[in-house]
1. Kindly indicate whether A:Q190 is outside any helix (DSSP H, G or I) and either modelled with pLDDT of 90 or more or more than 7 Å from chain B (Cβ to nearest Cβ) (or both).
2. Would you confirm whether or not region A:118-131 contains a residue that is facing chain B (nearest Cβ under 7 Å) and open to solvent by less than 30 Å² (accessible area, probe 1.4 Å)?
3. When you go through (1) open to solvent by less than 80 Å² (accessible area, probe 1.4 Å); (2) under 21 Å from the mean Cα position of the chain (by Cα) one by one for A:P41, which number turns out not to apply?
4. Just give me the residues in region A:25-38 being assigned to a helix (DSSP H, G or I), near DNA strand C (Cβ under 8 Å from one of its atoms) and open to solvent by 70 Å² or more (accessible area, probe 1.4 Å), in sequence order.
5. So, in region B:66-108, exactly how many residues are over 20 Å from B:D27 (Cβ atoms) and part of a helix (DSSP H, G or I)?
6. If the Cβ limit is 8 Å and pairs must be 6+ apart or interchain, which residue in region B:35-56 that is more than 14 Å from chain A (Cβ to nearest Cβ) and of a type in the set (S, T, Y) pairs with which residue that is open to solvent by less than 60 Å² (accessible area, probe 1.4 Å) and near DNA strand C (Cβ under 8 Å from one of its atoms)?
7. Residues being of a type outside the set (D, E), open to solvent by 20 Å² or more (accessible area, probe 1.4 Å) and assigned to a loop (DSSP other than H, G, I, E, B): count how many of those fall in region A:48-65.
There are 2 protein chains.
Amino acid sequence: MPRPSQPILSTAIITTAALRAVDAAGDFTMPGIAEKLGVRPSSLYNHVSGRAEIIELMRGHVMAEVSVPGERDERWSETVTRLAREYRRSYAKHPRLIPLLTSQTVRTGVAFAMYNALAQAFSDGGFTPADVLAAITTLDSFVLGSALDLAAPEEVWAQVDEANDAMRAALATSVPNPARADTAFEFGLQTLVAGWLTQAQ
Amino acid sequence: MPRPSQPILSTAIITTAALRAVDAAGDFTMPGIAEKLGVRPSSLYNHVSGRAEIIELMRGHVMAEVSVPGERDERWSETVTRLAREYRRSYAKHPRLIPLLTSQTVRTGVAFAMYNALAQAFSDGGFTPADVLAAITTLDSFVLGSALDLAAPEEVWAQVDEANDAMRAALATSVPNPARADTAFEFGLQTLVAGWLTQAQ
DNA sequence: ACCTGAACACCGTTCAAGT
DNA sequence: ACCTGAACACCGTTCAAGT
């Protein structure tokens with residue numbers, strides 16, 4: 001059947017298949033998702049330009065899940081906190097995707113609604129435009145780094161024999177992922193917000 | 001010449017060649033570095049188990065450049081600041097390597113001296129063991145995320161037409177990488193330290 | 001111990017051929 | 001417009017053969 005009357009593929013279908021493969025195996029291949037979709041690898045090129053575009057489609061899919069709240073009656077720092085949690089939560093749904101996204105950082109499209117909301121919040125907090133940009137970048141780095149932590153294996157903090165007393169005590173408190181990663185993210189977010197509140201006076 | 005009396009290769013030589021390729025092209029291949037070294041791809045396997053080990057060797061090379069200071073007469077927060085800068089500086093030497101390191105986060109070996117020093121500093125600051133672990137994880141996420149930012153292309157903050165007023169003003173302050181990334185890192189580090197000082201009372 | 005040469009399975013991508 | 005089949009260049013890895 002060279003060409004069905006009804007198209008079998010679409011960018012959405014390809015994106016979903018690729019995301020499923022990444023969730024399951026940590027990576028995807030063109031032949032792999034083609035097989036899952038009952039199609040030949042070359043068929044994919046009728047809908048996407050190549051592997052790179054599929055990665056960008058997955059990035060867009062994740063970003064589209066970030067819901068940016070409208071105006072609310074709350075302090076700017078509470079807005080930042082909520083946006084940060086929401087941002088990270090969308091990454092957390094597909095932890096193994098994050099490493100694939102890091103080879104090319106792109107801040108465009110859907111995500112811009114969130115950047116705008118963050119800019120407004122920091123601006124409300126009294127930050128100068130230059131500091132607004134720096135603060136957003138900080139949050140971005142922190143959220144991305146934290147998301148990478150989610151995909152990390154259990155034994156990230158091994159090598160206890162090399163630890164000093166302070167580090168050994170810290171390691172003794174550790175619990176399995178993703179609970180540890182969650183706790184660490186919340187603590188770090190509190191640190192950042194406390195810092196911004198200080199900087200904003 | 002099937003086998004020279006003096007070995008041509010070593011893990012160090014292979015690591016350096018791979019690092020050079022990553023710096024230049026953002027990636028490396030087995031045939032690629034073999035050619036640079038005037039050798040056949042299969043020869044590499046006499047010294048490394050494969051591509052994955054070469055990546056770990058590069059990680060080790062970068063981590064080995066992190067110099068951890070001995071005891072000094074300074075506040076714990078100053079120790080943390082200095083370690084964070086040093087940590088990030090070692091990453092910054094090979095920005096394009098960072099994406100290759102993110103598919104598998106490992107905190108072992110050489111880096112442990114730094115983690116120990118950080119644990120001691122936060123412990124001196126009065127943090128509980130659980131919070132020490134969280135604080136180190138926060139710093140780790142932030143430094144890694146910031147390092148990724150270094151490898152980002154210039155037009156990371158494009159799409160100005162979608163920006164609201166606050167975001168537009170922030171973008172107007174932007175300067176080329178890596179100056180922007182440097183500024184953002186320093187601002188973020190100040191935020192974190194201010195936050196930790198607040199949390200530590 | 002260490003480099004070579006040949007081989008294998010696999011990948012991403014292209015493109016003319018079909019409907 | 002969209003799927004197929006064949007083809008290409010390339011990759012990572014293995015392994016017997018050489019010294």
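The values are calculated or read from the model by the stated rules, or taken from the named source; none is laboratory data. In this text, all values refer to a predicted model and were calculated from it rather than measured experimentally. Using ideal geometry, Cβ is built from the backbone for each residue, glycine included, and neighbour counts are taken over all protein chains shown. Only protein heavy atoms, including side chains, enter the accessible area calculation; ligands, DNA and RNA are left aside. Shrake-Rupley method; radii C 1.70, N 1.55, O 1.52, S 1.80 Å.
1. Working: outside any helix (DSSP H, G or I): no; either modelled with pLDDT of 90 or more or more than 7 Å from chain B (Cβ to nearest Cβ) (or both): yes.
Considered against the rule, which asks whether it is outside any helix (DSSP H, G or I) and either modelled with pLDDT of 90 or more or more than 7 Å from chain B (Cβ to nearest Cβ) (or both), A:Q190 comes out as no.
2. The first filter runs over region A:118-131 and keeps only residues facing chain B (nearest Cβ under 7 Å), leaving A:119-120, A:123, A:129-131.
This time we only want the ones that are open to solvent by less than 30 Å² (accessible area, probe 1.4 Å), so: A:119.
So far as region A:118-131 goes, yes, one or more of its residues are facing chain B (nearest Cβ under 7 Å) and open to solvent by less than 30 Å² (accessible area, probe 1.4 Å).
3. Condition (2) is where A:P41 drops out.
4. Within region A:25-38, A:P31 is the sole residue that qualifies.
5. Start the filter on region B:66-108 by keeping residues that are over 20 Å from B:D27 (Cβ atoms), which leaves B:66-90, B:107-108.
Right, trim to part of a helix (DSSP H, G or I) and you get B:76-90.
Counting residues in region B:66-108 that are over 20 Å from B:D27 (Cβ atoms) and part of a helix (DSSP H, G or I) gives 15.
6. Between residues of region B:35-56 that are more than 14 Å from chain A (Cβ to nearest Cβ) and of a type in the set (S, T, Y) and residues that are open to solvent by less than 60 Å² (accessible area, probe 1.4 Å) and near DNA strand C (Cβ under 8 Å from one of its atoms), the close pairs are B:S43/B:L9; B:S43/B:A34.
7. 1
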